[in-house]
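The values are calculated or read from the model by the stated rules, or taken from the named source; none is laboratory data. Everything numeric here is computed off the predicted structure, so don't read it as measured data. Reconstructed Cβ throughout: ideal geometry from the backbone, glycine too, with neighbour counts over all protein chains shown.
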Amino acid sequence: MRKRIIVTGGAGFIGSNLCDYLLKNGHEVVCVDNFDDYYDPKIKRNNIEHALTHPSYTLIEEDIKKTEKILEQIHGNFDAIIHLAAKAGVRYSLKHPVGYEESNVVGTKKIIELAVKKNIKQFVFASSSSIYGNSKAPFKEDNIDLKPISPYAQTKLLSEKTGKEYAESGKIRFISLRFFSVYGPRLRPDLVMNKIAASIYQNKELNVFGDGKASRDYTYVDDIIQGIIKSLDYTKSNYEIFNLGNGNPIKLIDIIEMFESASSKKVNAVFTDSIQGESSITWADNSKAIKLLNFEPETEIKNGIQNFINWYLEK
Ligand SMILES: NC(=O)c1ccc[n+]([C@@H]2O[C@H](COP(=O)([O-])OP(=O)(O)OC[C@H]3O[C@@H](n4cnc5c(N)ncnc54)[C@H](O)[C@@H]3O)[C@@H](O)[C@H]2O)c1
């Protein structure tokens, strides 16, 4: 069935891939994005260049907090809001915490209010594995002793709490998806695979913080999109949290090796001190999403890395 969906942050890495998927599958998309300068806005303009010509795509270039202005530009009924807009970056938030709460917590509340005003019941929120901080891995959604260790992660936890309050009042259905280290074409420039590729193809140094043994549960963007799409049809309860990961943590040094063998080139790695505020491991227990959403991450890391390299070289 054709759906009308608002995607906030739709010009970013995950958002633009998601919008393309929705359009390809016959849905109508309203993308709300302010092209913030966390990284070069030209990259985001490129991400959506072809979508702009699609008849079922509308771009609203606006800050999510300016909901009055957004409301003036959206008409008719919508089936869902997928709220991805956020100031991203665990590492950046440690050094520059100002602005995170405003964008991520206040912004989320404003977009929830917009959903209530427009009577849009289904609200899907992009949360993050960083919420678990130094909790014991593998991470499970029912862990209530969460230890977020960065300002960014704290804003995601606060947003989930806000979502829960609204969901309990029955005004919306709030589905929080905790994404785990997403990678793939259009990856954000601050994320590690882009830096590894820059070391291989542009002879840049790759700073490895710590001994390179920190592990991440790298999850291919198409698998994340599959989880988001499945959550659109979840109606069994009004509030739910789902991990969306690959379920298979991999050490950074092993990722580097995979890039080296895929490219037959060497990474110029420079080992420096580890960073406080970053976890040593992220690892999703996906069993809840598998059971309730029928989520099934399919992309093997080696195939995902090859797709990423192909995109990197093309760009
Ligand atoms: N990439 C990952 O590995 C990952 C992991 C966990 C969670 N997430 C979450 O997924 C979402 C998408 O992440 P991404 O990697 O695609 O990041 P991204 O930075 O590429 O995309 C976010 C988009 O939101 C927009 N935005 C930011 N503040 C805004 C505001 N106030 N008003 C309107 N638009 C605004 C930005 O311009 C950007 O296009 C974010 O909420 C992020 O926190 C990402």
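Starting from residues that are under 19 Å from the mean Cα position of the chain (by Cα), polar (S, T, N, Q) and under 20 Å from TYR220 (Cβ atoms), keep the ones in segment 238-292 and report whichever is surrounded by the most Cβ atoms within 10 Å (Cβ to Cβ).
ASN243
Report, ordered by the first and then the second residue, all pairs with beta carbons closer than 6 Å, sequence separation of six or more or different chains, a first member in segment 58-86 that is under 26 Å from THR235 (Cβ atoms), and a second member that is assigned to a loop (DSSP other than H, G, I, E, B) and away from the ligand (no atom under 14 Å from the Cβ).
PHE78/ILE120; ASP79/LYS3; ALA80/LEU232; ILE81/ILE120
Of everything in segment 196-221 that's buried (at least 17 other Cβ atoms within 10 Å of the Cβ) and of a type in the set (D, E, K, R), which residue is nearest to GLU296 (Cα to Cα)?
Checked segment 196-221; the qualifying residue nearest to GLU296 (Cα to Cα) is ASP217.
Please identify the pairs in which a residue from segment 236-247 that is free of Cβ contacts under 8 Å to residues at least 60 places away in the same chain and on the phi < 0 side of the Ramachandran plot has its Cβ atom under 8 Å from the Cβ atom of a residue that is surrounded by 19 or more Cβ atoms within 10 Å (Cβ to Cβ) and assigned to a loop (DSSP other than H, G, I, E, B), counting only partners at least 6 apart or on another chain.
none
Within segment 76-98, is even one residue within 13 Å of the ligand (Cβ to nearest atom), within 27 Å of THR162 (Cβ to Cβ), out of contact with any helix residue (DSSP H, G or I) (no Cβ under 7 Å at 6 or more places or on another chain) and at pLDDT 95 or above?
no
Of everything in segment 44-71, what is surrounded by 12 or more Cβ atoms within 10 Å (Cβ to Cβ), away from the ligand (no atom under 12 Å from the Cβ) and either closer than 20 Å to LEU187 by Cβ or aliphatic (A, V, I, L, M) (or both)? Give them in sequence order.
Matches in segment 44-71: HIS50, ALA51, LEU71.
Check off (1) under 18 Å from the mean Cα position of the chain (by Cα); (2) surrounded by 16 or more Cβ atoms within 10 Å (Cβ to Cβ) for PRO41 and give me the number that stays unchecked.
With respect to (1) under 18 Å from the mean Cα position of the chain (by Cα); (2) surrounded by 16 or more Cβ atoms within 10 Å (Cβ to Cβ), PRO41 is out only on (2).
Just for segment 21-43: of the residues that are in a helix (DSSP H, G or I) and over 23 Å from HIS75 (Cβ atoms), which one is farthest from the ligand (Cβ to nearest atom)?
Step by step, filter segment 21-43, then rank; the result is LYS24.
Whether any residue in segment 105-122 is away from the ligand (no atom under 11 Å from the Cβ) and at positive phi is what I want to check.
Yes: segment 105-122 contains one or more residues that are away from the ligand (no atom under 11 Å from the Cβ) and at positive phi.
Is there any pair linking a residue in segment 1-17 that is assigned to a loop (DSSP other than H, G, I, E, B) to one that is of a type in the set (Val, Ile, Thr) and within 8 Å of the ligand (Cβ to nearest atom), with Cβ under 7 Å and at least six apart or on different chains, and which?
Cβ pairs passing all conditions: GLY10/VAL32.
Quick test for you: out of GLU62, GLU49, pick the one residue that is touching a Lys or Arg at 6+ places or on another chain (Cβ under 7 Å), of a type outside the set (A, V, I, L, M) and at negative phi.
GLU62
Could you count how many residues in segment 276-315 are within 12 Å of ASN248 (Cβ to Cβ) and free of Cβ contacts under 8 Å to residues at least 40 places away in the same chain?
1
Say whether the condition of being in a helix (DSSP H, G or I) and away from the ligand (no atom under 12 Å from the Cβ) is met by at least one residue in segment 127-150.
No, the conditions are met nowhere in segment 127-150.
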